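Working notes, beginning with the structure itself.
The values are calculated or read from the model by the stated rules, or taken from the named source; none is laboratory data. On a predicted model such as this, the values are computed, not experimentally measured, just so you know. Cβ placement follows ideal geometry from the backbone for every residue including glycine, while neighbour counts extend to all protein chains displayed. In case anyone asks, the SASA skips ligands and DNA or RNA and just uses the protein heavy atoms, side chains included. Shrake-Rupley method; radii C 1.70, N 1.55, O 1.52, S 1.80 Å.
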Amino acid sequence: MPEEGIDLMAHEDVLSFEQIVSFVEEAVKTGITKVRLTGGEPLVRKGIIELVRQIAKIDGLEDLGLTTNGILLEKYAADLAQAGLNRVNISLDTLIPQKYRKITRCGDINDVFKGIDAAKKAGLTPIKINCVRMPDSSETELIALKAFCKDNNLNLRFIRQMDLESGDFSIVEGGEGGNCKICNRIRLTANGKVKPCLFNQNEFDVKELGAKNAIKKTIESKPEQGSKNKIGKFYNIGG
Ligand code: SF4
């Protein structure tokens, strides 16, 4: 989250669970088999367990994942797994408690460690750790993170810091993201905009067009590769 805060979305603009679920149903009919809930932070959404339960039971959906900062995972991991979530990705950029607090502006890294344990116990595996390489990350720090992930059976992926506005992005080390040649993802924002690409300003409104039409237009406008996005922010279009 930016230091200066964000423009809050009006409650009535946020999609209801019913709208989200019917969007996913339509997406699955179109041939989409993998769904990931991102954010912001998805675990702060009230009723998230119920949303997971409703999405997980959609016929034809093969994989349901969630990307989280891990802070609330200790509380929710068992219920999420029971509701049908398959796995989690956890954002963790450092193992140094003070640095973690500074990056997240208040987070306690011990909550993340407890969240990782809870996710493992609940079987939300394989667990992927997303680490954004900071310009000031030292090699020693990254080596420590690699060792931590190896010891804890976590898949570590390094992501270079990206910039939507200047179009600065690259392939995720150890993952599939950022590779335009094979990218077949589409994104739905909390207020109902479907986007063909992170680094592109096209978006189609589910509320205006209906899910089926918005998905069709989004897929048709999927660019060969990303360019720039001067209107989007990572905190509302996910990563
Ligand atoms: S097409 Fe867009 S979303 Fe997909 S990898 Fe390229 S820049 Fe990222």
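Annotations
- Hey, Leu95 more than 16 Å from the ligand (Cβ to nearest atom) and open to solvent by less than 80 Å² (accessible area, probe 1.4 Å) or not: yes
- When residues of the range 162-203 are limited to those that are more than 12 Å from the ligand (Cβ to nearest atom), without any contact (Cβ under 8 Å) to a residue 40 or more places away in the chain and in a loop (DSSP other than H, G, I, E, B), the one surrounded by the most Cβ atoms within 10 Å (Cβ to Cβ): Glu203
- Residue match in the range 136-150 (condition: in a loop (DSSP other than H, G, I, E, B) and in contact (Cβ under 8 Å) with a residue 40 or more places away in the chain): yes
- Pick from the range 29-73, criterion part of a helix (DSSP H, G or I) and more than 26 Å from Asn130 (Cα to Cα), ranking: most open to solvent (accessible area, probe 1.4 Å): Lys29
- Listed conditions (1) closer than 30 Å to Lys146 by Cα; (2) open to solvent by 40 Å² or more (accessible area, probe 1.4 Å) are all met by Asp13, apart from (1).
- Residues located in the range 98-117, provided they are within 30 Å of Leu61 (Cβ to Cβ) and surrounded by fewer than 20 Cβ atoms within 10 Å (Cβ to Cβ): Asp111, Lys114, Asp117
- Filtered residues of the range 135-155 (kept if of a type in the set (A, V, I, L, M) and open to solvent by 40 Å² or more (accessible area, probe 1.4 Å)): Ile143, Ala144, Ala147
- When Lys212 is tested against (1) out of contact with any helix residue (DSSP H, G or I) (no Cβ under 6 Å at 6 or more places or on another chain); (2) farther than 19 Å from Thr38 by Cβ, only condition (1) is not met.
- Among the candidates Ile71, Ile129, Ile109, the residue that is touching a strand residue (DSSP E or B) at 6+ places or on another chain (Cβ under 8 Å), at pLDDT 95 or above and among the hydrophobic types (A, V, I, L, M, F, W, C) is uniquely Ile129.
- Some residue of the range 213-230 being surrounded by 18 or more Cβ atoms within 10 Å (Cβ to Cβ), more than 10 Å from the ligand (Cβ to nearest atom) and of a type outside the set (S, T, N, Q): yes
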